[in-house]
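> Submitted below is the structure of interest, expressed as structure tokens.
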Amino acid sequence: MRSPFAILREIKRNSRRVERNGFDRVQGAGFVIFAFLAPVIVWKMESWRSSDTAETLMIVRVYEALDGDGRTGKVVGTEIKASERTASWKASLPLADVDLVQRSVWRGWPLSTTHTDFAMDLMVTRMATCPASREPQVREAAMQVIERAGRFVGEDRTKTHLEAWVFSSGAWWIMLSLGLAIVLAPARFGWWMFRRTRTVVRQSRIDRCHCPNCGYNAKHSILRGRCPECGSELYERPDVY
């Protein structure tokens, strides 16, 4: 019984070698080059593609409390929901609604690889009962409520998403490789049609005992094996596709 290694050697010896043409070499070289080029494109996309978002994280209504005699007291604030913006407050004089807004910038494509959360900002919507001179008091009262809730961030924060980096690099690698394959497809098909037609023509010449290269009638030169007209071989193995 023959060993598996002997069988593999025989298969390798009798197997026809698949030759790579120029298109295969270009495709393979592009596949390798794009693997190194994809991370560079992902890095450049952070400056080419970005989107801004603004989110309201908290709403604080600032009002001035009234005592039993209707006199005003200190300015205080309390957190409210978006659906309660126009709600009335008993025994109080509403001054303004303060929105805690978080602005963010997301960078990268197809996934956002980095994003920056900027320092939070307060947007004051004054009511008719609040003159512009009282806006500093309104901001101070709202800030006290926000700080107690632990929601305020006073500095910019940038975060890099490693998973998005890996996915985006792989996506660009695949897209570039497919793009190169699509560009090469017409030329590859044209070359295949040319080789196929050439093989059919040469085979038909061989069947008629003509020279496969120039078509010269070489019936009387078969024993010599070469065409007397162009000197090419009369016996050759045509390409098989």
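> Return yes when Leu162 is on the phi < 0 side of the Ramachandran plot, at pLDDT below 80 and not β-branched (Val, Ile, Thr) and no when it is not.
So Leu162 fails the test.
> Another question, then. What is the residue count in the range 210-226 for residues that are of a type in the set (A, V, I, L, M, F, W, C) and at pLDDT 80 or above? I'd like the intermediate steps shown before the answer.
If we filter the range 210-226 for residues that are of a type in the set (A, V, I, L, M, F, W, C), which is where we start, we get 211, 214, 218, 222-223.
Restricting the remaining residues to those that are at pLDDT 80 or above gives 211, 214.
Number satisfying all stated conditions: 2.
> Quick check on this structure: which one of Val145, Val200, Val138, Val153 is under 33 Å from the mean Cα position of the chain (by Cα) and aliphatic (A, V, I, L, M)?
Values: Val145 fails: under 33 Å from the mean Cα position of the chain (by Cα); Val200 fails: under 33 Å from the mean Cα position of the chain (by Cα); Val138 fails: under 33 Å from the mean Cα position of the chain (by Cα).
After applying the criteria, what remains is Val153.
> Also: Do you know which residues across the range 138-169 are out of contact with any Leu (no Cβ under 9 Å at 6 or more places or on another chain), under 19 Å from Val40 (Cα atoms) and surrounded by 14 or more Cβ atoms within 10 Å (Cβ to Cβ)?
Listed by number, the residues that qualify are Val166, Ser169.
> Give all pairs with beta carbons closer than 9 Å in which a residue from the range 210-221 that is without any contact (Cβ under 8 Å) to a residue 24 or more places away in the chain meets a residue that is of a type in the set (Phe, Trp, Tyr) and surrounded by 13 or more Cβ atoms within 10 Å (Cβ to Cβ); count only pairs at least 6 apart in sequence or on separate chains.
From residues that are without any contact (Cβ under 8 Å) to a residue 24 or more places away in the chain, the pairs are His210/Tyr216.
> While we're looking at this one, here's another question. Out of the range 8-31, which residues are at pLDDT 85 or above and surrounded by fewer than 11 Cβ atoms within 10 Å (Cβ to Cβ)?
Selection gives Arg25 alone.
> Taking the residues in the range 91-120 that are of a type in the set (Val, Ile, Thr) and either modelled with pLDDT under 90 or in a strand (DSSP E or B) (or both) as candidates, determine which candidate is nearest to Glu155 (Cα to Cα). Walk me through how you get there before you give the answer.
At the first step, the residues of the range 91-120 found to be of a type in the set (Val, Ile, Thr) are 98, 101, 105, 113-114, 116.
Now narrow it down to the ones that are either modelled with pLDDT under 90 or in a strand (DSSP E or B) (or both): 98, 101, 105, 114, 116.
Numbers: Val98: 20, Val101: 13, Val105: 14, Thr114: 17, Thr116: 10 Å.
This residue is Thr116.
> Inside the range 170-225, can you point out the residues that are within 30 Å of Pro110 (Cβ to Cβ) and among the β-branched types (Val, Ile, Thr)?
Ile174, Ile182, Val183
The values are calculated or read from the model by the stated rules, or taken from the named source; none is laboratory data. From a predicted model like this one, the values you see are computed outputs, not experimental measurements. Every residue, glycine as well, gets a Cβ built from its backbone with ideal geometry; the counts of neighbours run over all protein chains shown.
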